[in-house]
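Here the structure comes first, spelled out in C-alpha cells, and everything after it is commentary.
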Amino acid sequence: MPSIEIQPTVVGKQMSENGYPNSPCHKSGNLTVQEHPRHQVYWEEYGSPDAEPVMFMHGGPGTGCHKSFARFFNPDRYRVILFDQRGCGKSAPSAGDDDPTAALTDNTTQHLIGDVLRLRQELDIHGKMHVFGGSWGSTLALAYAI
C-alpha cells in the first residue's frame with residue numbers, strides 16, 4: 001500500500017502568504033433584526049467603503065466571523081462585510097450561553113436570509129452585492145442568492 005505524507009499547515013501563515021494585507025475594520029455595530037424575542041447581529045466592515053460590496057457568511061455551528069476572513073478579498077476592490085449570524089460569535093443572544101434556548105428561537109434559514117436583507121439595508125447597499133461563504137455559510141449564501 002502506498003504511504004501518504006501529510007504536511008501540517010499553519011492557518012495564520014497560509015493566510016499571510018495567500019491573502020491580502022490586513023485591512024483595518026473601519027465600522028462595526030450591532031443591528032437589532034428582531035424585537036420579540038430580541039436578536040441582534042454583530043457586523044464589521046473592512047476594505048474600501050465605496051467599492052463593490054461582498055458579504056461573508058461564516059460556517060457553523062456557532063463560530064462567528066474573524067477579522068482574518070477579510071483577507072480573502074482585495075481591500076482596494078471590495079467593501080467587505082463580516083457578520084455573526086444569530087446565536088453566533090458576538091451576536092446576542094449567544095448559543096454559548098448557559099441556556100441557549102433564546103439564541104435558537106426563531107433561528108432558521110429564512111430568518112438568517114431576512115437578517116442579511118436587514119443588514120444590507122442598514123449598510124445602505126443597493127444594487128449588486130457579492131456573497132461568499134464557507135461550509136454552512138456557502139449554503140446560506142446560495143439560499144440568499146436564490
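Structure notes:
- Yes/no for G87 being small (G, A, S) and either under 24 Å from P49 (Cα atoms) or loosely packed, with under 14 Cβ neighbours inside 10 Å (or both): no
- Among the residues of segment 61-88, the one identified as over 23 Å from L117 (Cβ atoms), touching a Phe, Trp or Tyr at 6+ places or on another chain (Cβ under 7 Å) and charged (D, E, K, R) is R71.
- For segment 76-128, filtered to residues that are assigned to a loop (DSSP other than H, G, I, E, B) and among the β-branched types (V, I, T), the residue that is farthest from H39 (Cα to Cα) is I125.
- For Q85: the one exception among (1) among the polar types (S, T, N, Q); (2) in contact with a helix residue (DSSP H, G or I) (Cβ under 6 Å, 6 or more places away or on another chain); (3) at pLDDT below 95: (3)
- When the test is whether a residue is open to solvent by 40 Å² or more (accessible area, probe 1.4 Å), part of a helix (DSSP H, G or I) and within 28 Å of P21 (Cα to Cα), S138 passes it.
- Scanning segment 106-124 for residues that are among the β-branched types (V, I, T) and either touching a Phe, Trp or Tyr at 6+ places or on another chain (Cβ under 7 Å) or surrounded by 15 or more Cβ atoms within 10 Å (Cβ to Cβ) (or both) returns I113, V116.
- Strands (runs of 3 or more DSSP E) enclosed by segment 1-72 - at least 3 residues per element that are open to solvent by 40 Å² or more (accessible area, probe 1.4 Å) and at pLDDT 95 or above: 27-34
The values are calculated or read from the model by the stated rules, or taken from the named source; none is laboratory data. Everything quoted here is computed from the prediction, not taken from an experiment. No Cβ is skipped: glycine too gets one built from the backbone with ideal geometry, and neighbour counts run over all protein chains shown. All accessible areas refer to the heavy atoms of the entire protein, side chains included, with ligands and DNA or RNA removed. Shrake-Rupley method; radii C 1.70, N 1.55, O 1.52, S 1.80 Å.
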